[in-house]
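Asks: Below are the structure tokens for one structure; questions will follow.
The values are calculated or read from the model by the stated rules, or taken from the named source; none is laboratory data. Source: prediction; values computed, not measured. Note: ideal-geometry Cβ built from the backbone for every residue, glycine included; neighbour counts use all protein chains shown.
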Amino acid sequence: MRPHVMLEDEPIEVGAIFCIGKNYAEHAREMQGEVPEEPIVFLKPPRALSTDGQAWYPPHTGDLHHEVELVVLIGRGGRDIPESEALSHVAGYGVGIDFTARDLQWEAKRKGQPWTVSKGFDASAPVSRFVRPERIADPHALELRLWVNGQLRQAGTTAEMIYRIPYLIAYLSRIFTLERGDLLFTGTPAGVGPVHPGDELEAAVGDLARLRVRVVRQRP
Ligand code: MG
């Protein structure tokens, strides 16, 4: 069976997992990078999805980092979607963690190589249950928070996004045909840092969605 997410009580098969890099200026700075002139887009395969509360600490890294992100679930596909109609293609919002093998990502950046191995490994994209947009007054006014073993490590607001959701959907749809069940990780605020096997993480977007994840050595 293909990986699924839950939109409230409705299971939805997941398609592509699009992710945006450096979409918060403070995070771009902590990564010693420039604010990008166009969105930085990368992909995770569907098997990166995790909905059972586990994230894998893979043996190919020694520096696994958390990145808490607002995740958009596409409900209606399309191509060349105008920015003004983009939000009508959204089925739901949730919270996710873009787990990153930071050591390998630095090396890939240095060598000009892709991020697939540092970003796309199994169970590197845990997500919460999704809530329908009707419950959210403004997706760009949501608090994003992440705790590791009860300690707050990341706190930001989606108001700080450089490229906002309508722009991202319009941008992506000019390059990729979007389909129902595609996910969009919209970037992380500042405060990323390392996790270790056995750590318990909790992520929240406003009071809408919560995600609890345990970091495990064993491949889930
Ligand atoms: Mg990220």
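Asks: So residue 116 ticks every box in (1) surrounded by fewer than 21 Cβ atoms within 10 Å (Cβ to Cβ); (2) of a type in the set (Val, Ile, Thr); (3) closer than 18 Å to residue 52 by Cα but one. Which box is left unticked?
Replies: In the conditions (1) surrounded by fewer than 21 Cβ atoms within 10 Å (Cβ to Cβ); (2) of a type in the set (Val, Ile, Thr); (3) closer than 18 Å to residue 52 by Cα, residue 116 misses (3) alone.
Asks: Take the residues in the stretch 36-57 that are touching a Lys or Arg at 6+ places or on another chain (Cβ under 7 Å) and part of a loop (DSSP other than H, G, I, E, B), then tell me which one is nearest to residue 157 (Cα to Cα).
Replies: 36
Asks: Would you mind stating whether residue 98 is in contact with a helix residue (DSSP H, G or I) (Cβ under 6 Å, 6 or more places away or on another chain), modelled with pLDDT of 95 or more and either more than 13 Å from the ligand (Cβ to nearest atom) or within 20 Å of residue 147 (Cα to Cα) (or both)?
Replies: On the way: in contact with a helix residue (DSSP H, G or I) (Cβ under 6 Å, 6 or more places away or on another chain): no; modelled with pLDDT of 95 or more: yes; either more than 13 Å from the ligand (Cβ to nearest atom) or within 20 Å of residue 147 (Cα to Cα) (or both): yes.
Here the answer is no, as residue 98 does not meet what is asked.
Asks: Assess whether residue 125 counts as being farther than 15 Å from residue 72 by Cβ and of a type in the set (Gly, Ala, Ser). Write out each step before concluding.
Replies: On the way: farther than 15 Å from residue 72 by Cβ: no; of a type in the set (Gly, Ala, Ser): yes.
So residue 125 does not fit the description; no.
Asks: Do we find that residue 61 is over 14 Å from the mean Cα position of the chain (by Cα) and surrounded by 16 or more Cβ atoms within 10 Å (Cβ to Cβ) in this structure?
Replies: On the way: over 14 Å from the mean Cα position of the chain (by Cα): yes; surrounded by 16 or more Cβ atoms within 10 Å (Cβ to Cβ): yes.
Yes.
Asks: Continuing with the same structure: Taking the stretch 1-26 on its own, how many of its residues are aliphatic (A, V, I, L, M), touching a residue at least 24 places away in the same chain (Cβ under 8 Å) and not in a strand (DSSP E or B)?
Replies: Going residue by residue through the stretch 1-26, those that are aliphatic (A, V, I, L, M) are 1, 5-7, 12, 14, 16-17, 20, 25.
Now restrict to residues that are touching a residue at least 24 places away in the same chain (Cβ under 8 Å): 5-7, 12, 14, 16-17, 20, 25.
Of the ones still in play, those that are also not in a strand (DSSP E or B) are 14, 16, 25.
So the answer is 3.
Asks: Tell me, please, whether a residue that is away from the ligand (no atom under 16 Å from the Cβ), surrounded by fewer than 16 Cβ atoms within 10 Å (Cβ to Cβ) and under 15 Å from the mean Cα position of the chain (by Cα) can be found in the stretch 173-181.
Replies: The answer is no; no qualifying residue exists.
Asks: Do you know which residues across the stretch 117-132 are among the polar types (S, T, N, Q) and within 14 Å of the ligand (Cβ to nearest atom)? Spell out the reasoning first.
Replies: Taking the stretch 117-132 first, the residues among the polar types (S, T, N, Q) are 118, 124, 128.
Within the stretch 117-132, 118, 124 meet the criteria.
Asks: Restricting to the stretch 1-45, name every residue that is away from the ligand (no atom under 16 Å from the Cβ) and either within 13 Å of the chain's Cα centre (by Cα) or at pLDDT 95 or above (or both).
Replies: Hits for the stretch 1-45 are 4, 5, 6, 7, 8, 9, 10, 11, 12, 13, 14, 15.
Asks: Separate question: Would it be correct to say that residue 213 is of a type outside the set (S, T, N, Q), part of a helix (DSSP H, G or I) and within 16 Å of the ligand (Cβ to nearest atom)? First the steps, then the outcome.
Replies: Details: of a type outside the set (S, T, N, Q): yes; part of a helix (DSSP H, G or I): no; within 16 Å of the ligand (Cβ to nearest atom): yes.
Taking the combined requirement at face value, the residue does not satisfy it.
Asks: Moving on to the next point. Take the conditions within 25 Å of residue 132 (Cα to Cα) and loosely packed, with under 15 Cβ neighbours inside 10 Å and apply them to residue 26. Does it pass? Give the steps one after another, and end with the answer.
Replies: Working: within 25 Å of residue 132 (Cα to Cα): no; loosely packed, with under 15 Cβ neighbours inside 10 Å: yes.
So residue 26 does not fit the description; no.
Asks: Is the stretch 2-14 home to any residue that is surrounded by fewer than 15 Cβ atoms within 10 Å (Cβ to Cβ), basic (Lys, Arg), over 28 Å from residue 141 (Cβ atoms) and in contact with a Lys or Arg (Cβ under 9 Å, 6 or more places away or on another chain)?
Replies: no
Asks: Out of curiosity, is residue 92 within 14 Å of the ligand (Cβ to nearest atom), closer than 27 Å to residue 209 by Cβ, touching an Asp or Glu at 6+ places or on another chain (Cβ under 9 Å) and not in a helix (DSSP H, G or I)?
Replies: Working: within 14 Å of the ligand (Cβ to nearest atom): no; closer than 27 Å to residue 209 by Cβ: yes; touching an Asp or Glu at 6+ places or on another chain (Cβ under 9 Å): yes; not in a helix (DSSP H, G or I): yes.
Answer is no for this residue.
Asks: Sort out which residues of the stretch 58-87 are within 16 Å of the ligand (Cβ to nearest atom) and outside any strand (DSSP E or B), and write them in order of number.
Replies: Of the stretch 58-87, the ones within 16 Å of the ligand (Cβ to nearest atom) are 61, 63-72.
Across the stretch 58-87, the qualifying residues are 61, 63, 67.
Asks: Please pick out the residue among 141, 190, 137 that is hydrophobic (A, V, I, L, M, F, W, C), surrounded by fewer than 19 Cβ atoms within 10 Å (Cβ to Cβ), within 14 Å of the ligand (Cβ to nearest atom) and assigned to a loop (DSSP other than H, G, I, E, B). So that I can check it myself, show each step before the final result.
Replies: On the way: 141 fails: within 14 Å of the ligand (Cβ to nearest atom); 137 fails: within 14 Å of the ligand (Cβ to nearest atom).
Only one candidate passes the filter, namely 190.
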